[in-house]
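Let me begin by presenting the structure, written as structure tokens, before commenting on it.
The values are calculated or read from the model by the stated rules, or taken from the named source; none is laboratory data. Not measured: the values here are computed from a predicted model. Note that we place each Cβ from the backbone using ideal geometry, even for glycine, and neighbour counts take in every protein chain shown. We work out accessible area using only protein heavy atoms, side chains counted, and drop any ligands, DNA or RNA first. Shrake-Rupley method; radii C 1.70, N 1.55, O 1.52, S 1.80 Å.
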Amino acid sequence: GMNTIANWSEAEIYLQRRTPYVATVHLGGPVLEGSEGYWGKFHDVFDPGFRQALRRGLAVRNREVGDPWCLGFFVDNELAWGDEVSLALAALASPAGQAAKGAFVADLQARYRTVDRLNAQWGTAHVSWDGLLAHREPPDRERAWEDLTAFYSRTAETYFRTVKEELAAAAPHQLYLGCRFAWVNERAARAAFRFCDVIS
């Protein structure tokens, strides 16, 4: 005996407030230049502009935020999560000024201390950390696997945590319905599980 109005339905219908409904928040903001996707590039979740884009997207939904007829919000749609290293490789393939790339290199510096130790593990020949920032070719996946998967998980968790924080601040009584997975790997799904109210 329960029904809802589907996502992407007309506002003039669901804002009659006779049937529960859901809504979607669309984001712009900075993208991860080295990424690829069927609907576009992935977000650079380490750039402050990502959180700003979330706030702008929620501001556009001012009629739905706080509306007791609105069960909650999807944020984004069918993002290109790729395999469990794709977003880390995308960060490395991005320009030196990319925030995600800077975050990844900072993680590597904290772990290896010297670029020589990184080179020994990855089988690379970077002359400095700045050299790694400037470099855009992928490392050997097997040799870099542990670092690539760790940064992938950090990226996914940063994405979902940031969305959850902004939704909780703007719409504390509504649900975070996830990002509408089309294809998903286990690392992205586990990150969603930590922060979403519903995984879609």
Problem - Whole-Hz couplings from phi, Karplus 6.51/-1.76/1.60, listed for region 116-130; x for Gly and Pro - result: 4, 5, 4, 4, 5, 6, 8, x, 9, 9, 5, 7, 6, 5, 5
Completion exercise
From the Cα centre of region 17-32 to that of region 81-122, the distance in Å is 31
Handout entry: Highest-fluctuation residue, Val75, Val127, Val115 considered, GNM on the chain with Cα pairs under 10 Å
Key = Val127
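Quick one: with all protein chains in place, what share of the accessible area of the chain is carbon or sulfur, to the nearest percent (1.4 Å probe)? Write out the running numbers ahead of the final one.
Values: 5280 of 10290 Å².
Within the chain, the accessible surface is 51 percent carbon and sulfur.
Please list Ser9, Ser94 in order of solvent-accessible area, largest first, computed with a 1.4 Å probe with all protein chains present. Walk me through the intermediate numbers first.
Details: Ser9 45, Ser94 0 Å².
My answer, sorted largest first, is Ser9, Ser94.
Only bridges whose two residues both fall in the chain count here: according to DSSP, what percent of them are antiparallel, nearest 5? Display every interim value, and only then the final one.
Details: 1 of 9 bridges.
DSSP beta bridges in the chain are roughly 10 percent antiparallel.
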Practice task
Could you run the Karplus curve 6.51 cos²θ - 1.76 cosθ + 1.60 with θ = phi - 60° over region 99-107 and give me ³J(HN,Hα) per residue in whole Hz, x for Gly and Pro?
Solution key: 4, 4, 5, x, 5, 5, 5, 4, 4
Completion exercise
In terms of the alpha carbon gyration tensor, root eigenvalues a ≥ b ≥ c, rounded if a/c is under 1.5 and otherwise prolate when a/b exceeds b/c or oblate, region 19-67 is oblate
Exercise for the section: Could you pull out the chymotrypsin sites (Phe, Trp or Tyr not before Pro) across region 136-196 that fall in loop regions by DSSP (anything but H, G, I, E, B) with no more than 15 other Cβ atoms inside 10 Å? Expected result: Trp183
Problem - Probe 1.4 Å - accessible area at Ile5, Å² to nearest ten - result: 30
Practice task
Report the accessible area of Cys196, computed with a 1.4 Å probe over the heavy atoms of all protein chains in place, in Å² rounded to the nearest 10.
Solution key: 20
Practice task
Could you work out which residue, out of Ala93, Ala150, Ala169, moves most in a Gaussian network model of the chain, that is, has the largest mean-square fluctuation with Cα springs under 10 Å?
Solution key: Ala169
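For region 33-181, give the magnitude of the charge dipole about the Cα centre (Cβ charges: +1 Lys/Arg, -1 Asp/Glu; no others), in debye to the nearest 20. Before the final figure, lay out each step's value.
Details: 17 positive and 21 negative charges, 82 e Å.
I would put it at about 400 debye.
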Practice task
Can you bin region 44-93 into rounded, prolate or oblate? Criterion: square roots of the alpha carbon gyration tensor eigenvalues sorted a ≥ b ≥ c, rounded for a/c under 1.5, prolate for a/b above b/c, oblate for the rest.
Solution key: oblate
Problem - Gaussian network model of the chain, springs between alpha carbon atoms under 10 Å - residue of Gly102, Gly28, Gly178 with greatest fluctuation - result: Gly28
Completion exercise
region 34-109 accessible area per residue, 1.4 Å probe, protein heavy atoms, integer Å², reads 41
Handout entry: Residues with amide H under 5 Å from that of Leu175, placed H, sequence gap 5 or more
Key = Gly72, Phe73
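Considering only protein heavy atoms, what per residue accessible area in square angstrom results for region 126-200 with a 1.4 angstrom probe?
Values: 4060 Å² over 75 residues.
That works out to 54 Å² for each residue.
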